[in-house]
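Trainee: One structure is given below, represented as structure tokens, and several questions about it will come after.
The values are calculated or read from the model by the stated rules, or taken from the named source; none is laboratory data. Everything numeric in this text was worked out from a predicted model, so none of it was measured. Here Cβ is always computed from backbone atoms with ideal geometry, including for glycine, and neighbour counts include all displayed protein chains. Just so you know, the surface numbers come from the protein's heavy atoms only, side chains and all, with ligands and any DNA or RNA stripped out. Shrake-Rupley method; radii C 1.70, N 1.55, O 1.52, S 1.80 Å.
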Amino acid sequence: MDKGDGMRLETKATHVGHEPEPLTGSIVTPIYQTSTFVFPSVDEGAARFSGESDGFIYTRLGNPTLAALERCVSALENGEKAIAFASGMSAISSVVMAIVSAGDHIVADRCVYGCVYSLFSGILRRFGVDVDFVDCSQVAEVERAVKPNTKVVYFESPSNPVLKLVDMEAMVRIAERHGIMTVMDNTFMTPFFQRPLEWGIDVVVHSATKYLGGHGDVIGGIAVGPRELMDQIAETTQKDLGGSLSPFDAWLILRGIKTLHVRMERHEYNAMKVAEFLEGHKGVERVYYPGLKSHPQHELAKKQMTGFGGMIAVELKGGFEAGRTLMDSVKLCQLAVSLGKTTTLVEHPASMTHSTMTPEARQAAGIAEGLVRISVGLEHVDDIIADLSQALKKATGY
Ligand code: LCS
């Protein structure tokens, strides 16, 4: 029952980690807002530290509210064990830094969230880790980049911000052949639309700040993978780098997940309509949305995802200046970074989320300087389209 074995995702999202609290019968998982836990004896305290006894010690090392969230997300992703973190970046850095050491090599996709790019190209290189950025949608490029000291292949699918897909099966084949780990960011799709572990990916990471939390009121991250590796992460980088999530924030994410499936369906319904509207608009140069037949990887999207999500990117005729006018002219949609919340957000990757990359790196990643990213929210879709329509008229004259 606990792991949600035999339940469908919708049932797991509403039940796993939400079991009634045994002491009082509270139907909602309590927020255990405590930093530490009283030991009944010295022997028991020592046994918890040595791992001979289960039981909580100190919230950085584990907490019942976090454990409930971890059980829930692990069940949704069909994984063995999840660990919650203070942010998506904390999850990503803790996972990768638990696997690699100085002298090792990472193959990463060129198109990743800006802070992942700077973590890999800045911090990890400074600690003696070699990183090559390639286009993971080109399988031969990944194969060519693998070296004897490669430990990790890292990618997002679909990628932030251009919605490029990576063929999970192909990455797993290469990784297995060379004894490398695959780490994949599933933030954009969530387990509702895509379950990488079922395709053989080793570790899934999430910015829970986005669709898992779903309401734009929390920063958090989570990683899911095989028990042995997750235990190693818990005992090293999670514990010693200390990026632990607060119990209240874990509770907000757990609450958000209860409606994940309902929200994702509406995000997708709205995004498809907005993408079709944009594709048919005279002032639009190009729309990036995996659900459109014009997306170059639409067939791969249908193969490895069960839906197309709520994220769109768009280039306007008139480039950056037109994009700026669009973003400055929206009234209902909000000009803000982040994504996956109830309201529609627009942002400019080149000067905001991906400003950590050099213009050359952005160009190599296919991120046009004028690109506008849209996180389609849960408003009535006609209201979203009406707002974009009036802003597009100012931006492009159409
Ligand atoms: N992975 C992806 C795909 C992301 O989009 C982000 C944040 C992260 C990881 C990092 O998660 P965080 O630490 O922020 O929880 N993406 C952001 C974005 O596109 N706009 O603002 C933040």
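Trainee: What is the packing order of peptides 348-356, 36-44, 307-315, taking the mean over residues of other C-beta atoms within 10 Å and listing the highest first?
Mentor: Listed from highest to lowest mean packing, they are 307-315, 348-356, 36-44.
Trainee: What nm value, rounded to one decimal, do you get for the distance between N149 and E285 when each label is placed 7 Å out toward the C-beta?
Mentor: Reported label-point gap for N149 and E285 is 4.1 nm.
Trainee: In whole Å and largest first, what semi-axes does the C-alpha gyration tensor of segment 71-117 yield when each eigenvalue is scaled by 5 and square-rooted?
Mentor: Listed largest to smallest, the semi-axes of segment 71-117 are 23, 14, 11 Å.
Trainee: Let me ask something additional. With an 8 Å cut-off on Cα pairs and a minimum separation of 6 or more residues, tell me the relative contact order of segment 9-257 in percent.
Mentor: 25 percent
Trainee: Calculate what fraction, in whole %, of the accessible area of segment 260-396 sits on carbon and sulfur atoms when a 1.4 Å probe is rolled over the protein chains.
Mentor: 53 percent
Trainee: Would you calculate the convex hull of the Cα atoms in the chain and tell me its volume per residue in Å³?
Mentor: Hull volume over Cα atoms, normalised by residue count, gives 137 Å³.
Trainee: In addition: Provide the packing ranking of 330-339, 363-372, i.e. peptides ordered by the mean count of other C-beta atoms within 10 Å per residue, highest first.
Mentor: 363-372, 330-339
Trainee: With a 10 Å cut-off between alpha carbons and a GNM built on the chain, which of P20, P64, P196 moves the most?
Mentor: Maximum fluctuation in the GNM of the chain, among the listed residues, is at P20.
Trainee: Another question, if that's okay. So what is the 222 nm mean residue ellipticity for the chain from helices alone, if each DSSP H run of at least 4 adds -39500 (n - 2.57) and you divide by all residues, rounding to the nearest 500 deg cm²/dmol?
Mentor: After summing the helix terms and dividing by the residues of the chain, the value is -10500 deg cm²/dmol.
Trainee: Would you work out what percent of the accessible area of segment 9-257, with all protein chains in place, is carbon or sulfur (probe 1.4 Å)?
Mentor: 53 percent
Trainee: How large is the charge dipole for segment 40-119, taken about the Cα centre, if only the Cβ atoms of Lys, Arg (+1) and Asp, Glu (-1) carry charge, to the nearest 20 debye?
Mentor: 280 debye
Trainee: Hey, can you find the accessible area per residue of the chain for me, probe 1.4 Å, expressed in square angstrom?
Mentor: Per residue, the chain has 41 Å² of solvent-accessible surface.
Trainee: In whole angstrom, how far apart do the alpha carbon centroids of segment 66-104 and segment 319-377 sit?
Mentor: Segment 66-104 and segment 319-377 have Cα centres separated by 28 Å.
Trainee: Note down the relative contact order for segment 204-328 as a percent, whole number, built from C-alpha pairs under 8 angstrom at least six residues apart.
Mentor: 20 percent
Trainee: Kirkwood hydrodynamic radius, segment 260-396, all distinct C-alpha pairs: what's the number in Å?
Mentor: By the Kirkwood definition, the hydrodynamic radius is 15.0 Å.
Trainee: Taking every DSSP beta bridge that has both residues in segment 9-257, what percent is antiparallel when rounded to the nearest 5?
Mentor: 35 percent
Trainee: Give the Cα extents of segment 1-81 along the principal axes, in whole Å, largest first.
Mentor: Cα extents, longest axis first: 43, 27, 19 Å.
Trainee: Using a simple charge model, +1 on the beta-carbon of Lys and Arg, -1 on the beta-carbon of Asp and Glu, nothing else, what dipole does the chain show about its Cα centre, in debye to the nearest 20?
Mentor: My answer is approximately 860 debye.
Trainee: Once you've got the GNM for the chain with C-alpha springs shorter than 10 Å, pick whichever of R263, R362, R177 has the biggest mean-square fluctuation.
Mentor: So, out of R263, R362, R177, the one fluctuating most is R177.
Trainee: Turning to a different aspect of this structure: Can you work out the FRET efficiency for the pair L241 and Q138, with r the C-beta to C-beta distance and R0 = 35 Å, to the nearest 0.05?
Mentor: 0.60
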